[in-house]
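Values in this text are rule-based calculations from the coordinates and carry no lab data. Treat the numbers as computed from the prediction; the structure is a model and nothing was measured. Virtual Cβ from ideal backbone geometry, glycine too; neighbours counted across all protein chains shown.
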Amino acid sequence: MKNLFSNIKGDAFGGITAGIVALPLALAFGVSSGLGPTAGLYGAIFISFFASLFGGTNTQISGPTAPMTAVSMVVIAGIIAVNDGDVNKALPIILTVFLLAGLMQIGLGALGLGKYIRYIPYPVVSGFMTAIGVIILLTQVLPSLGYYPKEDAEFVNLFKPQAEEVILENILKEEAGEGILVLEDFKETISRAEGISQETILKESQTLAAKEASGALGAIKALPRAIQNINWLELFLALGTIFIIYGFKRITKAVPSTLVALIVMSGIAVGFGLDYRPIEEIPSGLPIPNLEIFTSFNLNSITPYIFTALTLALLGAIDSLLTSVVADNMTKTKHKPNKELVGQGIGNSVAAVFGGIPGAGATIRTVVNITSGGKTKLSGMIAGVMLLIILLGLGPIASKIPAAVLAGILITVGIGVMDYKGLKAIPSLPKDIKLGPFKLSSEVLIMLIVLLLSTFWNLVYAVGIGLVIASLMFMKLIGDVTSERSDVKPLKEEAWKDEINFPEKLKEEVFIKHLKGPLFFGSTSEFQQLTLQIPDTASFVIMRLGRMQYMDQSGLYAMEDMLLDLKNKNITVLFVGLLKQPRYMMERIDIIPDLISEEHIFTTFKDCVTWIKDNVKDKH
């Protein structure tokens, strides 16, 4: 408890700033999910507070994120469609799925599975994050053009025959449930069918139209109609928002540009009395728990969504722990992965009970918190309280925000969430596999498979397929490499024979590190700790790489990050015994010669020692 209040001023400033940054995003993610801005705000309040209180990363700010919202969007749309397009009818089931996901996260943490998240290879994460960006961009194009399929009468009419078929099917199911033999008592069916109003048929047609235009593929199909029916005011509001977000960043980063865009464009819309489309009304007053989750609980209605809940739990775990690694790198601390999962699970569970959408650790908000002075769990809790105060004080005002402004904010989120580092590397990564007459890079292939399957099919299955392919390719590559060097025996981390005569007076200035075995996605976590092993007196590091036979893309970027870290500390790195494949990888992204010049690469340790004797002075 003492540690919690050890940095009150910094935590207060970090938490308040992070809360302000989170506000427009929470509203936008809520609208995007299909449950409305209030659900986004409730999710941000409860997840931020409870994930910080019980989590294992002191500076992490949690709340709705792009990946979690993209999956939630699909879950929500699917459950609403099954419940005749009625959000109120579907809500208890949706929130129960979210609650189940939170409880599963607590289970993952309690079972100690947090440490295994790091085994997800870089190309899978890269493809997934880029897909999230593409999905958000595509799904926000329609609202930014002011086009809503449910309100396009001509489009809705196309679904009337299908709507009547669905309604009739429901009547037949009802009769079967009541034990009525339809063919023997067809008059009852006709009687019930005659009781169906045109309003019911229209409502079902609207549900089917909205379903047809949902998701990335649906948005592409609906785009021609959207272009024919552009609402120029809505487009102006969306483009104005995007322009301010990118333009204001060039002036100053002290004030969040997303918040500036939200206030300015909403001010223009309200101040000039424009005929714009506002977001759904945000209720004033304290959030109230949705007890229907428990009172109307039905195992049969939840069973089909158990795998969906597990998906959300795993995605939230990955999303949060990746952000925890970013926080660790910035604060030079070490998070507790299993405790973090328990905290995220509690946050998501509480949020679900109050009607909030699920979330995870949010990278941008966490970075803002750290740079603004946040150091302890108190900062995340303050961010949650800050959002609650905004909800209670400004709920009616926030209800006047134009929907197109939030669409514009989400478009910038979609652009920002894509993994440009992975995309830029596509042309330069080595082509190590053959598919018929074509030579391809296995890493690029995995990334593209995950990207396409995530965007146009299913986010979860895409990650699963990507993991399986990555594992199979890795096993093949390691099999090939180890068969070439089958005589190599594992060595303990101790001075090698040729190091015994290393000059005694230079041992404090020079640190020797042995790398044994491949540097791949499963070993990068330990490798990243390398800089912590280097004594303060050392200004040179010799990396003996003669037994590092293979390096994948995850290992490559881990090596790059480590070398940049050492460069910033003015520590010179020398390579000894660098093998063909790792060298080729490092040359492709210019680690060699930009970070390690040719004169610092030695074939033998003897050559390296000679250079050390000529260039290193005994200072300690």
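Contour minus end-to-end for ILE190 and GLU174, with contour as 0.36 nm per residue of separation and end-to-end as the Cα-Cα distance? Walk me through the numbers on the way to the answer.
Numbers: separation 16, 0.36 × 16 = 5.76 nm, distance 1.33 nm.
That works out to 4.4 nm of additional length.
Is there a quick way to get the dipole size of the chain? I mean about its Cα centre, with the Cβ of Lys and Arg at +1 and of Asp and Glu at -1; what is the value in debye to the nearest 20?
On the way: 51 positive and 54 negative charges, 480 e Å.
That gives a dipole near 2300 debye.
Between ASN568 and LEU233, what is the FRET efficiency for a Förster distance of 56 Å, r being their Cβ-Cβ separation, to the nearest 0.05? Could the numbers behind the result be given before it?
Working: r = 49 Å, r/R0 = 0.88.
Between ASN568 and LEU233 the formula returns 0.70.
Place the peptides 553-560, 188-195, 412-419 in order of packing, highest mean first, counting for every residue the other Cβ atoms within 10 Å and averaging per peptide.
Values: 553-560: 22.9, 188-195: 12.5, 412-419: 20.1.
Peptide ranking by packing, descending: 553-560, 412-419, 188-195.
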PHE5 and LYS339 label points (each 7 Å along its Cα→Cβ direction) are spaced in nm at 2.0 nm
Over what distance in Å are the Cα centres of segment 550-582 and segment 397-428 separated?
-> 32 Å
Entries of LYS211/LYS339; LYS89/LYS160; LYS221/LYS439 with Cα pairs more than 32 Å apart | LYS211/LYS339; LYS221/LYS439
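Show me the ranking of peptides 579-588, 25-34 by mean Cβ neighbours inside 10 Å, starting with the highest.
The densest-packed peptide leads the list: 25-34, 579-588.
Given the Cα atoms of the chain, and with Rh set as the inverse mean 1/r over their pairs in the Kirkwood sense, what is Rg to Rh to two decimals?
Values: Rg = 28.0 Å, Rh = 27.0 Å.
Checking Rg against Rh, the ratio lands at 1.04.
When you count, for each residue, the other Cβ atoms within 10 Å and take the mean per peptide, how do 287-293, 336-342 rank with the highest first?
Values: 287-293: 15.3, 336-342: 21.9.
Ranking, from highest mean packing down: 336-342, 287-293.
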For segment 146-193 and segment 36-74, distance of Cα centres in Å | 39 Å
Would you mind calculating the gained length between PHE438 and THR331 on full extension (0.36 nm times residue separation, minus the Cα-Cα distance), in nm to one decimal?
-> 34.0 nm
Principal-axis tilt of helix 337-353 within the chain, Cα atoms, nearest 10 degrees | 10 degrees
Placing +1 on each Lys and Arg Cβ and -1 on each Asp and Glu Cβ in segment 497-615, then taking the dipole about the Cα centre, the residue among ILE534, ILE500, LEU595 whose Cα reaches farthest towards the positive end is ILE500
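What's the exposure ranking of SER52, SER320, SER197, going from fewest to most Cβ atoms within 10 Å? Provide the component values of the computation, followed by the final result.
Numbers: SER52 28, SER320 35, SER197 8.
Fewest-to-most ranking of SER52, SER320, SER197: SER197, SER52, SER320.
By counting other Cβ atoms within 10 Å of each Cβ, how are TYR119, TYR461, TYR42 ranked from fewest to most?
On the way: TYR119 16, TYR461 12, TYR42 30.
Least to most surrounded, the residues fall as TYR461, TYR119, TYR42.
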Compute the long axis of helix 442-456 from its Cα atoms, compare it with the longest principal axis of the Cα atoms of the chain, and write down the angle in degrees, 0 to 90, nearest 10.
-> 10 degrees
Dipole moment magnitude, nearest 20 debye, segment 349-448 about Cα centre, only Lys, Arg, Asp, Glu C-beta charged = 160 debye
Counting only DSSP beta bridges with both residues in the chain, tell me the antiparallel percent, nearest 5.
-> 30 percent
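My understanding is that a pair violates if its Cα-Cα distance is over 29 Å; which of LYS375/LYS513; LYS9/LYS400; LYS569/LYS613 do that in this structure? All intermediate terms of the calculation are to be shown ahead of the outcome.
Working: LYS375/LYS513 32 Å; LYS9/LYS400 33 Å; LYS569/LYS613 22 Å.
As for pairs spanning more than 29 Å Cα to Cα, those are LYS375/LYS513; LYS9/LYS400.
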Return one number: the angle in degrees, 0 to 90 and rounded to the nearest 10, between the long axis of the Cα atoms of helix 605-615 and the longest principal axis of the Cα atoms of the chain.
-> 80 degrees
For the residues MET447, MET330, MET386, what sequence is obtained by ranking on other C-beta atoms within 10 Å, fewest first?
-> MET330, MET386, MET447
Only helical DSSP H runs with n ≥ 4 go in: add -39500 (n - 2.57) per run for the chain, normalise by residue count and round the 222 nm mean residue ellipticity to 500 deg cm²/dmol.
-> -20500 deg cm²/dmol
